[in-house]
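Read-outs throughout are calculated quantities, based only on the coordinates presented, and are distinct from any laboratory measurement. Note that the structure is a prediction, hence the values are computed from the model and not measured. Virtual Cβ from ideal backbone geometry, glycine too; neighbours counted across all protein chains shown.
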Amino acid sequence: MSSKTNGASNGVQRVSTGITGLDTVLQGGFLPSRTYLVTGDAGTGKTTACMQFLMAGLLANEKSVYVTVDERPTEILQSASSLEWDLQSHVQDKNLVILDASPYFSGRGVTSEKGIDVTKFVTDLAGYASKLGAVRLAIDPVTPLILSADSASRVHENARTLIHLLQTNLTTTNLLTSHLPDRVDHTPTQGIEEFLAAGVLVLRVNQGGDKPPRTLSVKKMRGTAVEPGEYAFSIAKGKGIVLGQQPMTSAATAPAAEGKKAIVVEDVSFQGLEFFELPKD
């Protein structure tokens, strides 16, 4: 079984998002070996989107890496279980690696006066992904890594460095999440990670009014002609995010083709990221 689909653009093989209805909108899914961003306020479904993306790969026998920044790995497993997804069995089978990034905030040789050492973070991560043979990667959320810097210029540098290194040091298809407060168009990083990512999905929870309770919009998707607008969605057990079939509104988009070749880094250290293992009986 494969999670790859043939896209409508020049027959390019694409990577399924795992989100019901979204692959159709994106002409088959994500382009492989690119970095994508899901942004939204707390509770909009960003973590669900990450788990759904990884589950699509795991069910197709694609190994995956989940980097959790704010939550403990056990909490990720509990969240998945509440949606009737069994991530735990994939951890046991060593097809899924959950990495705890909290050591990067504990001053154990991986931080500096300038904030998180993003280069070391990605180097360690590339080592894990390469060792596992991972096809998919999720970082949830990426915002603390970027905002750890002590100035606006450093924040921009962190964002650029992070996404550039993900593209050049890993061959995985990557899904990142970032926090976007309600009714705000840009994150505190002034949208720099959105500018560099190959695509951006915006999730919103609407309080009252004429709009559905939850909506998804494709803010940007390089190399893909996307019909603009907001799509209503729901979150269901066993399915996760389920997208409506038609957009509700229209907005201008300008997708542009881009291609980069990724390479795998070798001879890396594994001292920064905390490897999560299930407790032994």
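The table below gives the values:
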item: Exposure proxy ranking, count of Cβ atoms within 10 Å, fewest first, for Leu54, Leu96; result: Leu96, Leu54
item: Rg and Dmax [Cα atoms of region 1-80; Å; Rg one decimal, Dmax integer]; result: 13.5, 42
item: Percent RCO, i.e. relative contact order, over region 1-86, from Cα pairs under 8 Å lying at least 6 residues apart; result: 25
item: Lys237-Thr119 pseudo-label distance in nm [points 7 Å out on the Cα-to-Cβ vector]; result: 4.9
item: Out-of-range pairs (alpha-carbon distance over 23 Å; input Lys94/Lys131; Lys63/Lys239; Lys131/Lys237; Lys46/Lys211; Lys63/Lys219; Lys46/Lys237); result: Lys131/Lys237; Lys63/Lys219
item: Under 20 Å from the Gln207 label point (7 Å along Cα→beta-carbon), backbone N, region 40-65; result: 40-46
